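All remarks here apply to the structure that follows.
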Amino acid sequence: MLNLIQADLFKLRKSAALKLLLAITTVCAAVMAVFARLIPDRNLDAAATGLGFLFSDVNVISILGGVTAGLLVCGDLDNKTIHDAVANGYSRFTVLAGKAAVHSLLIVLLLLPYAVITWIALGTGAEFSMGSAAIGFLNVLTGGGSITAADAPKMLAVILTLIIVYAAQLSICLPVAFWIKKPVIVVAIAYGFSMLTGQLMQLSARLPVLKQVLAVTPYGENYIFITPATTAGDMLTAILVSTGFAAVMLGLSYLVFRRTELK
């Protein structure tokens with residue numbers, strides 16, 4: 001499996017697509033921080049929060065997570081790379097596990113600009129706000145308070161937890177990619193599902209049963225709102241739930257991939 005992972009990473013390092021995606025998240029993270037800084041100073045109207053939210057991590061990664069799955073799975077199904085790996089003796093589960101590992105690594109890479117810029121911004125001690133439109137790293141940024149060197153371990157824990165939650169949420173892209181095999185449709189489904197879970201999260205505040213269901217998935221409201229004020233126990237719960245959900249998606253992906261005919 002390591003050979004497959006190394007081959008994918010080598011191909012991606014040479015790919016202009018990855019450089020473009022990383023540039024997009026870097027620019028979007030910077031724009032998000034600028035919006036969040038200008039709004040509380042009234043240099044931007046409060047109505048601009050909707051525009052600023054478009055550049056937030058939850059919105060951007062919901063799209064790019066589907067794009068990365070399309071590159072890794074749909075692209076390699078189309079150019080027969082996956083077919084060749086299976087023909088050369090790799091089991092389907094080994095191929096799938098390699099794709100899942102690389103997909104998770106790509107999510108980490110694409111989220112790093114948000115993590116770094118959020119940390120730098122909080123270190124300035126300035127005020128940041130995006131109204132009520134705050135999830136993920138944007139929520140950390142606008143949650144109030146500054147970050148000092150003493151807060152570094154806590155901030156690292158927050159970053160690690162949020163990245164694992166995001167990777168778990170986007171793991172649903174893998175079974176969809178193996179099933180649909182069309183990158184554009186995978187992106188549309190991933191983004192649409194993200195919007196749906198966002199609405200369900202709001203609805204769960206009024207429906208305890210729905211809240212309990214979401215609590216066993218990385219879409220539970222307590223997980224995407226991790227901040228430095230969150231307890232270590234809650235962070236550990238978020239990590240365990242997210243890891244379990246990602247494992248379920250890996251199993252579902254295998255069931256879909258096993259039924260996929262490779263010609």
When you count, for each residue, the other Cβ atoms within 10 Å and take the mean per peptide, how do 55-67, 111-123 rank with the highest first?
55-67, 111-123
What angle, in degrees between 0 and 90 and rounded to the nearest 10, separates the Cα long axis of helix 152-170 from the longest principal axis of the Cα atoms of the chain?
50
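For the chain, what's the relative contact order in percent, using C-alpha pairs closer than 8 Å and at least 6 residues apart? Walk me through the numbers before you get to the answer.
Working: 329 pairs, mean separation 66.1, N = 263.
Reported as a whole number, the value is 25 percent.
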The chain - charge dipole about Cα centre, Lys and Arg +1 at Cβ, Asp and Glu -1, debye rounded to 20:
740
What is the sum of charges, Lys and Arg at +1 and Asp and Glu at -1, for the other residues whose Cβ falls under 10 Å from the Cβ of Ala126?
-1
Order of 87-99, 177-189, 160-172 by packing, highest average Cβ count within 10 Å first?
160-172, 177-189, 87-99
Which listed residue (Leu51, Leu214, Ile189) has the Cα farthest towards the positive end of the charge dipole for the chain, taking +1 on Lys and Arg C-beta and -1 on Asp and Glu C-beta about the Cα centre?
Ile189
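Compute the signed sum of charges (Lys and Arg +1, Asp and Glu -1) over the other residues within less than 15 Å, Cβ to Cβ, of Thr230.
Values: positive: Lys154; negative: Asp151, Glu221, Asp234.
Every neighbour counted, the sum reads -2.
In percent, what relative contact order does the stretch 137-263 have, based on Cα pairs under 8 Å that are 6 or more apart in sequence? Working shown, then result.
Details: 105 pairs, mean separation 51.6, N = 127.
41 percent.
Could you tell me which of rounded, prolate or oblate describes the stretch 189-230, using a ≥ b ≥ c as the square roots of the eigenvalues of the alpha-carbon gyration tensor, with rounded for a/c under 1.5 and, failing that, prolate when a/b is larger than b/c and oblate otherwise? Before the final figure, lay out the partial values.
Details: a/c = 1.98, a/b = 1.17, b/c = 1.68.
It is oblate, given that a/c is not under 1.5 and a/b is not larger than b/c.
Go through Lys182/Lys211; Lys80/Lys182; Lys11/Lys154; Lys14/Lys154; Lys19/Lys154; Lys19/Lys182 and tell me which ones have a Cα-Cα distance over 26 Å in this structure. Spell out each step's value before the answer.
Details: Lys182/Lys211 33 Å; Lys80/Lys182 14 Å; Lys11/Lys154 35 Å; Lys14/Lys154 35 Å; Lys19/Lys154 30 Å; Lys19/Lys182 22 Å.
Over 26 Å apart, Cα to Cα: Lys182/Lys211; Lys11/Lys154; Lys14/Lys154; Lys19/Lys154.
222 nm [θ] for the chain, helices only, -39500 (n - 2.57) per DSSP H run of 4+, per residue, to 500? Don't skip to the end; give the middle numbers.
Details: 14 runs with 191 residues, N = 263.
It comes out at -23500 deg cm²/dmol, rounded to the nearest 500.
For a quick protection proxy, order the peptides 193-203, 100-110 by their average other-Cβ count within 10 Å, most packed first. Don't jump to the answer; show the numbers that get you there.
On the way: 193-203: 14.9, 100-110: 20.7.
Order by mean packing, descending: 100-110, 193-203.
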Counting only protein heavy atoms and rolling a 1.4 Å probe, one gets per residue an accessible area for the stretch 140-210 in Å² of 49
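How would the stretch 1-101 be classified by its alpha-carbon gyration tensor: rounded, prolate or oblate, with rounded meaning a/c under 1.5 and the a/b versus b/c comparison settling the rest? Present the calculation step by step, with values, prior to reporting the outcome.
On the way: a/c = 3.95, a/b = 3.37, b/c = 1.17.
Prolate shape, in that a/c is at least 1.5 and a/b is the bigger ratio.
Which value in Å does the Kirkwood hydrodynamic radius of the stretch 42-158 take, with 1/r averaged over all unlike C-alpha pairs and then inverted?
Details: mean 1/r = 0.0593 Å⁻¹.
About 16.9 Å, per the Kirkwood formula over Cα pairs.
Percent relative contact order of the stretch 175-228, based on C-alpha pairs within less than 8 angstrom and at least six residues apart? Numbers along the way, then the final one.
Details: 22 pairs, mean separation 10.5, N = 54.
Rounded, it is 19 percent for the stretch 175-228.
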Charge tally in the Cβ shell below 12 Å around Val95, where Lys, Arg are +1 and Asp, Glu are -1, Val95 excluded:
0
May I ask for the angle, rounded to the nearest 10°, between helix 183-203 and the longest principal axis of the chain, with both axes built from Cα atoms and the value confined to 0 to 90°?
40
For Rg and Dmax of the Cα atoms in Å, one of [x] 17.3, 50; [y] 19.5, 65; [z] 19.0, 62 was computed from the structure I shared and the rest are decoys. Which label?
[z]
For the chain, the percent of accessible surface on carbon and sulfur atoms (probe 1.4 angstrom, ligands and nucleic acids excluded) is 68
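The values are calculated or read from the model by the stated rules, or taken from the named source; none is laboratory data. Here the structure is a predicted model, which is why all the values come from computation and not from measurement. Here the Cβ is made from the backbone with ideal geometry for all residues, glycine too, and neighbour counts use every protein chain on show. Accessible surface is based on the protein model in full, side chains and every heavy atom, while ligands, DNA and RNA are left aside. Shrake-Rupley method; radii C 1.70, N 1.55, O 1.52, S 1.80 Å.
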